[in-house]
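First up is the structure itself, then whatever we jot down about it.
A short reminder: the numbers here are calculations on the coordinates, not readings from a lab. These numbers were taken from a predicted model, which means no experiment stands behind them. Backbone-built Cβ (ideal geometry, glycine too); neighbour counts: all protein chains shown.
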């Protein structure tokens, strides 16, 4: 089968958003200060920093328009098809993943005179980036056929359909929560101060970040083109 084709190109897909950065580690806790008057307690590790947000996806590119076909022949044979279709719109880019939360800081050591303190909580994960909009479909082109004799059995296979829009971008996933910090060491034999009664509460890992927003609508469809088949003397 002979084909004469002048279709519009498909649009480019949008770029994927950048991944968020990892959160900073929490500050280390201070070591206990042992002296003959009164000890200073060790301190807990600091909470890890929040992960960075993922970047937004890029917009999908528009589909190209169908071309123009001006075809003149004495006898139009069966099996010849002509296409000048609009290109499909590019898909919207996906959002980047959120960054992982930072690790909690290490708890301060007891230094042989007090309890070592617990590590810090993990940081919260970053939010995922938003998906972006899809590109619009291209318009159908124009086809004009002129012939003296039509042997196509009246089918006239000409396609000037519009291009469909692309799919919307998907939001990026939220970043994972950060890990807990290491506990400070409790060492030696000692009698703890009344205000340093224990190592402190156990740390918790960070919460995951929220996902980015997805675009649930497709790009707009293009407009159909025009096709004409003429039998001329």
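Need one word for region 184-233: rounded, prolate or oblate. Basis is the Cα gyration tensor (sqrt eigenvalues a ≥ b ≥ c); a/c below 1.5 gives rounded, then a/b vs b/c decides. The shape class here is prolate. Bridges between two residues of the chain, per DSSP, are antiparallel at a rate of about 5%. The alpha-carbon atoms of region 134-233, seen along their principal axes, cover 115, 20, 15 angstrom, with the largest extent given first. Residues of region 190-233 falling in the label zone of residue 151, defined by backbone nitrogen less than 20 Å from a point 7 Å along Cα to beta-carbon, are 229-233.
Distance from the alpha carbon centroid of region 161-195 to that of region 79-129 works out to 9 angstrom. Report note on the peptides 212-225, 140-153: ranked by the mean count of other C-beta atoms within 10 Å, highest first, their order is 212-225, 140-153.
The distance between label points at residue 6 and residue 191 comes to 10.0 nm (points 7 Å beyond Cα on the Cα→Cβ vector). What is region 1-132 by shape, rounded, prolate or oblate, if you read a ≥ b ≥ c off the alpha carbon gyration tensor as root eigenvalues and call it rounded for a/c under 1.5, prolate for a/b larger than b/c, and oblate otherwise? Judged from the Cα gyration tensor, region 1-132 comes out prolate (a/c at least 1.5, a/b above b/c).
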